[in-house]
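Novice: Quick one: the structure is below, questions incoming.
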Amino acid sequence: FYRNTADMASLEDAKRNDGTGELAANLREGLGPGTGLEGKGTVCKACGGFFAGTVSTSGGTTSLKLVNSSNTHKGRSRRLIVDQVQDGDDEPEIASGMQRHKSLHELDSIPTTECSVMRDYTTEEAVALEAYRAQGEKSLEPNLHVRGSLNDHEAKELAELRHQLALAKARIAQLEKIELGESKDFNTPDSDLNESQLLGRQMCREETARRAALRLERVTEAQAEVASKVGRGTVDGSMYDFTTGKPVKTEVIVARGVVSNPMLAAFEIIPMASASSPLFVFTDETVNELYGDAFVQGFEEMGYVMHKIVLPDGEDAKTLEVYGKLADHVLSIGIDKSSVLISLGGGAVANVCGFIASTLHRGIGLIHFPTTLLAQCDASISHKQAVNAPHGKNLVGSYYAPIRIVVDTDVLQTLEDWLLPDGMGEILKHALCQDADLLKYLEDYDGPLNDPVFLDYVVRRTIELKCEVIDIDPKENKEAVVLIYGHTLGHPIESISHRMGTACCLSHGQAVAIGCVIAARVAVLMGLADESIIERTEQLCAKYELPYLIPCDQSVDRIMAKLPFNKTWTKEGTMMALIERPGKIFNFDGHFKCPVDDATIRRAVQQTMAPFGTIIKGSGSSGMLRKNKLSNGDLIGSKVTTPVGSPAPVPGEGWALAGGAVCGKGDC
């Protein structure tokens, strides 16, 4: 009951409130059954302020006072009497009191939309609270005995300890609860695995132990080489230490219609502390034409000082060269420590904007407005910021949390046709690894891909799934390895497809889909999953217009050569996220990345290669073919001749295909 009262009341407050100790009896009478006042009270979600009922009697008239016992607002609202009512007509006065409380939020830059009723307190709780305030020397908690009198320091310490306990309990409840209202254990007991999976688990244990021994041997050898020279000097030093960093909370807000007009938002977007600072909007060519001017104008009309920077479309912007030019451009215009960079676009825009924000002044404000399905479900719902390097994707970056992420699913209705399947690649990944119910929903869904209700649901559910694992494993070492499922092979395949002269330039979602198929094959080859998972993954890819075969102009050797530039590679070998069954990541002894030998990976890649001459519908957003993407109507043969004429204005047009057999399943 006390978890939301930040300070309770000091002893002096309690004595002044009712030194006689009669208030509890009055309260019981005044708020009892039949009075219409029983159980009245509210708790503010944003600051923990508690509006408690108190009763006094004067000439036989009962009155109710609303008291805010929160000390969040810089001491301004401690024991603030908000209003008083007569004869039980309290509803309008409660509303008035809450409105006055919201004004404190405005002063302290706390979102007023979160100031609302959490729950009504019961008459018994109200009696307990007022009895505590009236007789503050005595605690009503049976296991806590306080001596007859507390000094001010002790009372303050007790209040702080109660507050810390409340925060700890709330955090424990948060970790133990998921949105579906059920506890979730990411670890799989042996009893849930079949004989083949148990054997695979044991093989993973043994291979992990072998690799650990190899690493220990390598590290020990290196240590022995330098040990004779380290710490052997004659100069002593004085040792000091300090701790940096604390948990940072990022708000993810799903709100439709705010991109086209930010003034429609009923919540704070840019912190009030940044109201006078230079603000920058990063967007790309396509999004700028659709929303750029209206988006910037909305903030300017609120009074902000805005600057807009337009990037090239797609992965062309995610380079160190572009990063350097943009960082210098922002610094040349001028920023301060309270400046905020806002990304308005897809994953590439978010990554570049985020990496710049994380490095300028060693970190300034960052807000994402993702405008593609992939960004709304994956790329922007993250604290990972990065640009590409010549050796691979996202190899230069940082962990840097945005202030907030605002997701407007209405903008998905203006996407080019290839961008919806692109985003589905990441959604399928989450369904395969985390949520069997979402997987079944995607399999059963038979409506159009651009249906607003469908998109709003899958976006919200995927955000929930991603937040669930980021919150407990931000560095993706354990439970959050679900986020790299399909990426270990997807990244190399995507990178290779972007080379000059490629016959198929893959988008990120397309490459992840192919990577999911390869990962399914690896799991089956290792005995970790049933073979049906391969077909199920392929069918989902086909349904949502995603490829499930590697373009035939790539080679197994080239893909294998790219593995060492992947973040899941170690000198002892490749680690992969694999699934044991739909909706469940394979794990053993608290490990969620499995050691996989090169021979198994090579075999899975070979089995996923498209037959020679097969056409894959490349939708890549970078490289020389960026303006010549293939779409559904272009898959009419097996041999590419040459692009016809100049690049077509509609993505997917501009290819002439000669006749011949397509791939075995006919839809890849």
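Novice: Under a plain spin-label model, where a point goes 7 Å from the Cα along Cα-to-Cβ, how far apart in nm are Q164 and A213?
Specialist: The answer from the label model is 4.6 nm.
Novice: Gain in length, H153 to E251, computed as 0.36 nm per residue apart minus the alpha-carbon separation, to one decimal in nm?
Specialist: Values: separation 98, 0.36 × 98 = 35.28 nm, distance 3.56 nm.
Extra length available between H153 and E251 comes to 31.7 nm.
Novice: Could you pull out the GluC sites (Glu not before Pro) across segment 513-596 that fall in loop regions by DSSP (anything but H, G, I, E, B) with no more than 15 other Cβ atoms inside 10 Å? All intermediate terms of the calculation are to be shown ahead of the outcome.
Specialist: Working: sites: E531, E535, E538, E545, E572, E580; in loops: E531, E545, E572.
Those satisfying the criteria are E531.
Novice: Past the 20 Å Cα-Cα mark, which pairs from K337/K567; K249/K393; K318/K475; K440/K475; K318/K384? Write down the numbers at each step before the final one.
Specialist: Details: K337/K567 32 Å; K249/K393 27 Å; K318/K475 22 Å; K440/K475 29 Å; K318/K384 14 Å.
From the list (K337/K567; K249/K393; K318/K475; K440/K475; K318/K384), the Cα-Cα distance tops 20 Å for K337/K567; K249/K393; K318/K475; K440/K475.
Novice: Next question. Determine the share of segment 464-527's accessible area contributed by carbon and sulfur atoms, expressed in whole percent, with a 1.4 angstrom probe.
Specialist: Values: 820 of 1550 Å².
Percent of accessible area from carbon and sulfur atoms in segment 464-527: 53.
Novice: To the nearest Å, what is the center-to-center distance of segment 477-533 and segment 352-396, using C-alpha atoms only?
Specialist: Comparing the Cα centres of segment 477-533 and segment 352-396, I get a distance of 21 Å.
Novice: Right, something else. In Å², what does the accessible area per residue of segment 456-525 work out to with a 1.4 Å probe? Display every interim value, and only then the final one.
Specialist: Working: 1760 Å² over 70 residues.
With the other protein chains kept in place, segment 456-525 gives 25 Å² per residue.
Novice: In addition: Roughly how many nanometres apart are two label points built 7 Å out from the Cα toward the Cβ at A222 and D598?
Specialist: 2.0
Novice: Given R₀ = 41 Å, what would the calculated FRET efficiency be for Y445 paired with A503, taking r from the Cβ atoms and rounding to 0.05?
Specialist: Values: r = 32 Å, r/R0 = 0.78.
Taking R0 as 41 Å, the efficiency between Y445 and A503 is 0.80.
Novice: Loop only per DSSP, at most 14 neighbouring Cβ atoms within 10 Å: give me the chymotrypsin sites (Phe, Trp or Tyr not before Pro) in segment 256-305, ordered by residue number.
Specialist: Details: sites: F267, F280, F282, Y291, F295, F299, Y304; in loops: F267, Y304.
Listed in order of number, the matching sites are F267.
Novice: Under 9 Å from the Cβ of G573, count the other residues' Cβ atoms, weight Lys and Arg +1, Asp and Glu -1, and hand me the total. Let's see the in-between values first.
Specialist: Working: positive: R211, K571; negative: E207, E572, D597, D598.
Summing Lys and Arg as +1 and Asp and Glu as -1 gives -2.
Novice: When the chain is fully extended, how far beyond the present Cα-Cα distance does K229 get from E321, taking 0.36 nm per residue of separation? Write down the numbers at each step before the final one.
Specialist: Details: separation 92, 0.36 × 92 = 33.12 nm, distance 4.04 nm.
29.1 nm is the gain from fully extending K229 to E321.
Novice: Give me the percent of the accessible area of segment 283-407 that comes from carbon and sulfur atoms, probe 1.4 Å, all protein chains in place.
Specialist: On the way: 2310 of 4390 Å².
Carbon and sulfur together cover 53 percent of it.
Novice: Counting Lys and Arg as +1 and Asp and Glu as -1, what is the net charge of the other residues whose Cβ lies under 14 Å from the Cβ of D408? Intermediate values should be presented prior to the final figure.
Specialist: Details: positive: R256, R404, R460; negative: D410, D456.
Overall, the nearby charge balance is +1.
Novice: Given H placed 1.01 Å from N in the peptide plane, which residues other than close sequence neighbours of V252 have an amide H under 5 Å from its amide H?
Specialist: I405
Novice: Could I ask something else about it? Using a Förster distance of 60 angstrom, determine the FRET efficiency expected from the C-beta separation of M272 and M560, and round it to 0.05.
Specialist: 0.70
Novice: For segment 330-342, what does the Karplus curve 6.51 cos²θ - 1.76 cosθ + 1.60, with θ = phi - 60°, yield as ³J(HN,Hα) per residue in whole Hz, taken in order and with x for Gly and Pro?
Specialist: Using θ = phi - 60°, the values come out as 5, 5, 5, 5, x, 9, 10, 5, 9, 5, 10, 9, 10 Hz.
The values are calculated or read from the model by the stated rules, or taken from the named source; none is laboratory data. Note that the structure is a prediction, hence the values are computed from the model and not measured. Cβ sites come from the backbone with ideal geometry, for glycine too, and all protein chains shown count toward neighbours. Areas reflect the complete protein model, heavy atoms only, side chains present, ligands, DNA and RNA absent. Shrake-Rupley method; radii C 1.70, N 1.55, O 1.52, S 1.80 Å.
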